[in-house]
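Chemist: Below is one structure. I have some questions about it.
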């Protein structure tokens, strides 16, 4: 684990330094890079981000990352962790924009919509919440059931294949908060802001082979 090259992909969306700092805190060295060669040589990848879906996809496309990411993730089966917007970009599309997503997960990104208008839930969903385990995964190994994670988002995945859903979180209704498909992992919350619970999850990701 210590000798692996973990690359946090810099595509201009979000503060990536906090993820790097949290990885370092659990003994994992990483690099933040917008260099295609670094991505090609990575043993593990992290795609984080905060902001609009179309802006994220446009930046990834403009930087020439789509081909190398498809090769690394789909062909080489390199483990990748998507965080917040990064996970949403794994989907086919988003209600937030018009561009296609990476399409690695059979899902769409949708905005929170509450049938009961009297529930008075605010959008974005912001603050601490639980991730309720639906299936086993190395990503959440030994993460306690009372773990709480920090969320800030107005959109979430709507997965067509329930076997991809590892955890759900309740905010008006249950939505996928952790997903997995082979070497592709995603979390809607911010592990880098989730203290010891986020540290455990990032440590687990670093140990996935």
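The values are calculated or read from the model by the stated rules, or taken from the named source; none is laboratory data. The shown structure was predicted, so the numbers you read here are calculated from the model rather than taken from an experiment. Glycine gets a Cβ as well: all are built from the backbone with ideal geometry, and neighbour counts include every protein chain shown.
Chemist: Residues of the range 38-49 being modelled with pLDDT of 95 or more and either in contact with a helix residue (DSSP H, G or I) (Cβ under 9 Å, 6 or more places away or on another chain) or crowded, with 19+ Cβ neighbours inside 10 Å (or both), which ones?
Modeler: Within the range 38-49, 39, 40, 42, 44, 45, 46, 47, 48 meet the criteria.
Chemist: Considering only residues of the range 72-122 that are in contact with a helix residue (DSSP H, G or I) (Cβ under 8 Å, 6 or more places away or on another chain) and farther than 25 Å from residue 201 by Cβ, which is surrounded by the fewest Cβ atoms within 10 Å (Cβ to Cβ)?
Modeler: Only one residue tops the list, namely 98.
Chemist: Can residue 188 be described as free of Cβ contacts under 8 Å to residues at least 24 places away in the same chain, touching a strand residue (DSSP E or B) at 6+ places or on another chain (Cβ under 7 Å) and either over 28 Å from residue 26 (Cβ atoms) or crowded, with 22+ Cβ neighbours inside 10 Å (or both)?
Modeler: Answer is no for this residue.
Chemist: Hey, another quick one. Which members of the range 5-27 meet the condition of being touching a strand residue (DSSP E or B) at 6+ places or on another chain (Cβ under 6 Å), within 20 Å of residue 73 (Cβ to Cβ) and either without any contact (Cβ under 8 Å) to a residue 60 or more places away in the chain or not in a helix (DSSP H, G or I) (or both)?
Modeler: Selection gives 6, 7, 8, 9, 10, 16.
Chemist: Give the range 17-36 a look and list any residue that's closer than 24 Å to residue 70 by Cβ and touching a helix residue (DSSP H, G or I) at 6+ places or on another chain (Cβ under 9 Å), or say none.
Modeler: Correct list: 19, 30, 31, 32, 33, 34, 36.
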